[in-house]
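The values are calculated or read from the model by the stated rules, or taken from the named source; none is laboratory data. Note that the structure is a prediction, hence the values are computed from the model and not measured. All Cβ positions, glycine included, derive from the backbone under ideal geometry; neighbour counts span all protein chains shown. Only protein heavy atoms, including side chains, enter the accessible area calculation; ligands, DNA and RNA are left aside. Shrake-Rupley method; radii C 1.70, N 1.55, O 1.52, S 1.80 Å.
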Amino acid sequence: MSLAGKYLLVTAGPTIEPLDPVRFLSNHSTGKMGYAIAGELATRGARVALISGRTNLAAPAGVERIDVLSAEEMYRAVMERFPQADGAVMCAAVADYTPAQVSTTKLKKGEGDLVIRLKRTKDIAAEAGRTKGGRLLVGFALETDHERDNALDKMRRKHFDFIVLNSLRDPGAGFAGDTNKITLMDAQGGIDEYPLETKSAAAVRIADRIERWFSDRPATR
């Protein structure tokens with residue numbers, strides 16, 4: 001039980017940003033990677049809070065699931081719990097933008113095009129990075145081009161201790177499937193690239209890195 005006594009947050013799945021009572025903006029995330037990570041951390045003795053967008057998945061054994069829908073709801077759930085946590089894994093696919101106005105009635109088809117103004121959502125990972133102190137913070141980057149450069153930039157801007165990079169150019173990686181191909185990049189310049197494997201196997205690699213981080217830093221707060 002190598003993570004016994006640790007309280008860890010994991011975010012997973014998509015967020016949903018409503019346009020009207022029947023339509024919303026979202027993405028293709030299924031939550032499988034985040035749920036696999038949460039389950040693996042729990043098997044190693046951690047107390048895990050899984051802050052999840054809408055998915056069809058059952059919570060892993062021993063994991064507390066907190067259900068949210070929007071980016072705002074996920075932000076509040078993370079910020080409420082992060083001060084008490086030893087670390088967080090930001091695996092959710094959170095919307096960067098949300099409709100500036102939400103119609104209270106169904107938007108009807110009219111003549112011409114419909115223009116929807118979007119506003120920025122709160123950056124959950126960046127806010128956690130600003131306030132993390134000695135806590136562990138793990139980020140994810142799903143990229144389509146300039147993958148390593150973009151991931152390194154994101155890691156530095158948001159003060160991650162390490163980041164998990166996926167590329168949509170790798171067959172079998174990314175959303176929906178049961179496999180992933182990850183590269184782990186840390187703040188000290190380490191880069192470890194792994195082959196295509198199941199998301200459960202990728203979760204083991206991520207949990208191993210989390211264990212190592214805590215073993216090198218016994219005091220997290």
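Please tell me if Gly53 is touching a residue at least 24 places away in the same chain (Cβ under 8 Å), buried (at least 19 other Cβ atoms within 10 Å of the Cβ) and closer than 19 Å to Lys122 by Cβ. Yes: the conditions hold for Gly53. The single condition from (1) open to solvent by 50 Å² or more (accessible area, probe 1.4 Å); (2) in contact (Cβ under 8 Å) with a residue 12 or more places away in the chain that Val89 fails is (1). Among residues of segment 23-48 that are free of Cβ contacts under 8 Å to residues at least 24 places away in the same chain and more than 15 Å from Thr11 (Cβ to Cβ), those with a beta-carbon under 9 Å from a residue that is assigned to a helix (DSSP H, G or I) and open to solvent by less than 60 Å² (accessible area, probe 1.4 Å) at least six positions away or on a different chain give the pairs Thr43/Ala207.
Quick one: would you say Arg209 is open to solvent by less than 40 Å² (accessible area, probe 1.4 Å), within 21 Å of Ala42 (Cβ to Cβ), basic (Lys, Arg) and at pLDDT 95 or above? Yes; evaluated as a whole, the condition is true for this residue. Against the definition (at positive phi, modelled with pLDDT under 95 and either hydroxyl-bearing (Ser, Thr, Tyr) or open to solvent by 50 Å² or more (accessible area, probe 1.4 Å) (or both)), how does Gly189 come out, yes or no? Judged against the criteria, Gly189 is a match.
Checking each residue in segment 129-148 for being of a type in the set (Val, Ile, Thr) and not in a strand (DSSP E or B) picks out Thr131, Thr144. Only one entry in Leu152, Leu142, Leu137, Leu107 is over 29 Å from Glu197 (Cα atoms) and either over 14 Å from the mean Cα position of the chain (by Cα) or among the hydrophobic types (A, V, I, L, M, F, W, C) (or both), namely Leu107.
Here Ala59, Ala49 are screened, and the one residue that is among the hydrophobic types (A, V, I, L, M, F, W, C) and not in a loop (DSSP other than H, G, I, E, B) is Ala49. Of all the residues in segment 10-47, those that are touching a helix residue (DSSP H, G or I) at 6+ places or on another chain (Cβ under 6 Å) and of a type in the set (A, V, I, L, M, F, W, C) number 6. Looking across segment 95-141, the residues that are touching a Phe, Trp or Tyr at 6+ places or on another chain (Cβ under 8 Å) and hydrophobic (A, V, I, L, M, F, W, C) come down to Leu118, Ile124, Ala125, Ala128, Leu136, Leu137, Val138.
Note on segment 1-27: residues that are open to solvent by less than 20 Å² (accessible area, probe 1.4 Å), assigned to a strand (DSSP E or B) and within 19 Å of Met79 (Cβ to Cβ) amount to 6.
The number of residues in segment 33-46 being more than 18 Å from Ile66 (Cβ to Cβ) and either of a type in the set (Lys, Arg) or assigned to a loop (DSSP other than H, G, I, E, B) (or both) comes to 2. Of the set (1) in contact with a Ser or Thr (Cβ under 9 Å, 6 or more places away or on another chain); (2) at pLDDT 95 or above; (3) farther than 18 Å from Ser26 by Cα, all apply to Asn166 but (2). Do you know which residues across segment 99-127 are open to solvent by 80 Å² or more (accessible area, probe 1.4 Å) and without any contact (Cβ under 8 Å) to a residue 24 or more places away in the chain? Answer for segment 99-127, where residues must be open to solvent by 80 Å² or more (accessible area, probe 1.4 Å) and without any contact (Cβ under 8 Å) to a residue 24 or more places away in the chain: Gln101, Lys108, Lys109, Glu111, Asp113, Leu114, Val115, Arg117, Lys119.
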